[in-house]
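Enquirer: First the structure, which I've put down as structure tokens, then a few questions once you've had a look.
Rule-based calculations on the coordinates, nothing more; no lab input. Fair warning: this is a prediction, and the values are worked out from it, not measured in the lab. When we count neighbours, we look across all protein chains shown, and the Cβ atoms used for this are built from the backbone with ideal geometry, even at glycine.
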Amino acid sequence: MKVLVINAGSSSMKYQLIDMTDESVLAKGICERIGAGGHFKHKTGDGRSYETDVVMDNHTEAFIQIKNALLDEKYGVIKDLSEVSAVGHRIVQGGSLFSQSTLIDEKVIEGIESLIPLAPLHNQAHVQGIRACMEVFGKDVPEVAVFDTAFHSTMPQKAYMYPIPYEYYEKYAIRRYGFHGTSHRYVSNRCAELMGKDIKDLKIITCHLGNGSSITAIDGGKVIDTSMGLTPLDGFLMGTRTGSLDPSIVTFIAEKEKLSPAEMDYMLNKKSGFLGISGVSSDDRDVSAAAEQGNERAKLAIEMLEYEILKFIGSYIAALGGCDALVFTAGIGENQYSHREKVCHQMKYYGVEIDDELNKKTIHGAEAKISTPNSKIDVFVIPTNEELVIARDTKALVENK
Ligand code: ADP
């Protein structure tokens, strides 16, 4: 079975075609600048690739590019479109409606649409992606929705409520949902596998550290708390996002600078975090390089990040009543070993001990247990693979149809 995995954004769409017989990636690529020109990149598992400027006015035209690439004589990986057995879509916001992956029908599309107010940019684009996929691949190809929020749906109410008047929860469904669920699910399950234990017997803290970052506390395979909230802005500082703040800061700055809600939203989401503090870049590599050259604000941004990660881990150890394993994943978690080192060295109190040399070497997609045999908590670096989870869920649902 071959499964096409789609991650549709408002102006971009990523895809991967996965052969489920051995879970290998046959091809992957991205349609960029949809509706504003258009650029298309395609790469096959055996290393053939091309990229080109091509006008894509909407998601349907983007899907046509994907279809053509997959079937192309020189760069293709299938002979006939019927070889694509199913399509799995990444959906950011599943709200309280979807607690697991589901086969897509009109009712599901309506459900995803009804959640657009909670994730305006994302869910709108996902619906466009689903409809465009039906147009180009045909209505007979089963489509599956895999939600970023679903893994977090086990959180108890005390963890997901915000202490604002209850009516806003009832009226607008304002609560913590959490994101990156597919990644937290993948790495926590992989962690249990690597430990040779049933996940039901483990307390795991997973740190997904990328442009967007979140940390999750998982007890027996079930999320009990996570750092992102109603939106992916909550938690701790990220590339350009603030993470949580004293809420009064928002009204204070809005009043002083005469900024509208939309302008405040932009500042909090796009101008803050690493970029806002360092003034250098949102990218951890640039900020780390600047810090090494003595840039004080870059150093501060890094100290703040490491401190926040440490505080979240500490509070989740308390919430879990212990911790068997700590996992680092995503761009920063998988590559920026110095943050892992700082955080883990600060956790001596908890009996954490890592092999510094092994930690340094574990980058660029390597998977390893970086803690020593003496460590009271096992520490892992596990490259995330959200696409594979989406493909596996899609296969399972389609086979059990
Ligand atoms: P996203 O949240 O957009 O998926 P990523 O998980 O790709 O982001 O993480 C991007 C971050 O990872 C950037 O801050 C970048 O500096 C950092 N990073 C460090 N080393 C690497 C690397 N070798 N490859 C990719 N990202 C890296």
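Enquirer: Mind counting lysine pairs for me in the range 1-108? Cα separation below 14 Å, and the two need to be 8 or more apart along the chain or on different chains.
Expert: 14
Enquirer: Counting only C-alpha contacts under 8 Å and six or more residues apart, can you give the relative contact order of the range 215-300 as a whole percent?
Expert: 21
Enquirer: To continue, here is another question. Just the number, please: percent antiparallel of the DSSP beta bridges in the chain, rounded to the nearest 5.
Expert: Close to 70 percent.
Enquirer: Okay, moving on. State to the nearest 20 debye the size of the charge dipole of the range 294-401 about its Cα centre, where the only charges are +1 on K and R beta carbons and -1 on D and E beta carbons.
Expert: 100
Enquirer: Putting +1 on Lys and Arg Cβ atoms and -1 on Asp and Glu Cβ atoms, find which of PHE147, GLN124, ALA173 reaches farthest to the positive end of the dipole of the range 121-185.
Expert: ALA173
Enquirer: Note down the relative contact order for the chain as a percent, whole number, built from C-alpha pairs under 8 angstrom at least six residues apart.
Expert: Over the chain, the number comes to 14 percent.
Enquirer: Give the order of HIS42, HIS345, HIS339, HIS184 when sorted by the count of other beta carbons within 10 angstrom, beginning with the fewest.
Expert: Neighbour counts put them in this order, fewest first: HIS345, HIS339, HIS42, HIS184.
Enquirer: Would you work out if the range 300-401 is rounded, prolate or oblate? Take a ≥ b ≥ c from the square roots of the eigenvalues of the alpha-carbon gyration tensor; rounded if a/c is under 1.5, else prolate when a/b is larger than b/c, oblate otherwise.
Expert: Prolate shape, in that a/c is at least 1.5 and a/b is the bigger ratio.
Enquirer: Still on this model: What does the extension gain come out to for TYR162 and HIS345, with contour length at 0.36 nm per residue minus their alpha carbon separation?
Expert: In short, 62.6 nm is gained.
Enquirer: Now for a different question. With a cap of 12 neighbouring Cβ atoms within 10 Å, and only residues DSSP puts in a loop, list the trypsin sites (Lys or Arg not before Pro) found in the range 100-153.
Expert: LYS139
Enquirer: Kindly put ILE332, ILE91 in sequence by how many other C-beta atoms sit within 10 Å of each C-beta, fewest to most.
Expert: Neighbour counts put them in this order, fewest first: ILE332, ILE91.
Enquirer: While we're here: What aspartates and glutamates could a cross-link reach from LYS361, if we take a straight Cα to Cα line under 14 Å and drop same-chain neighbours fewer than 8 places away?
Expert: GLU334, GLU341
Enquirer: Going by Cα centres, the range 198-234 and the range 97-112 are how many Å apart?
Expert: 23
Enquirer: I would also like to ask the following. What is the helix-to-structure angle for 120-137, meaning the angle in degrees between its Cα long axis and the longest Cα principal axis of the chain, kept from 0 to 90 and rounded to the nearest 10?
Expert: 30
Enquirer: Something else about it: Normalised by the number of residues in the range 4-47, what is the relative contact order in percent for Cα pairs under 8 Å and 6+ residues apart?
Expert: With pairs under 8 Å counted, the relative contact order is 30 percent.
Enquirer: Also: Shape call for the range 118-199 from the C-alpha gyration tensor, a ≥ b ≥ c root eigenvalues: rounded (a/c under 1.5), prolate (a/b greater than b/c) or oblate?
Expert: It is oblate, given that a/c is not under 1.5 and a/b is not larger than b/c.
Enquirer: How would you rank THR154, THR216, going from fewest to most other Cβ atoms within 10 Å of each one's own Cβ?
Expert: Details: THR154 16, THR216 30.
The most exposed by this proxy come first: THR154, THR216.
Enquirer: Follow-up question, since we're still on this one. Does anyone have the angle between helix 386-399 and the longest principal axis of the chain? Alpha-carbon axes, 0 to 90°, nearest 10?
Expert: Orientation of helix 386-399: about 50 degrees from the principal axis.
Enquirer: Could you tell me the center-to-center distance, by alpha carbons, between the range 260-328 and the range 61-76 in angstrom?
Expert: Here the answer is 39 Å between Cα centres.
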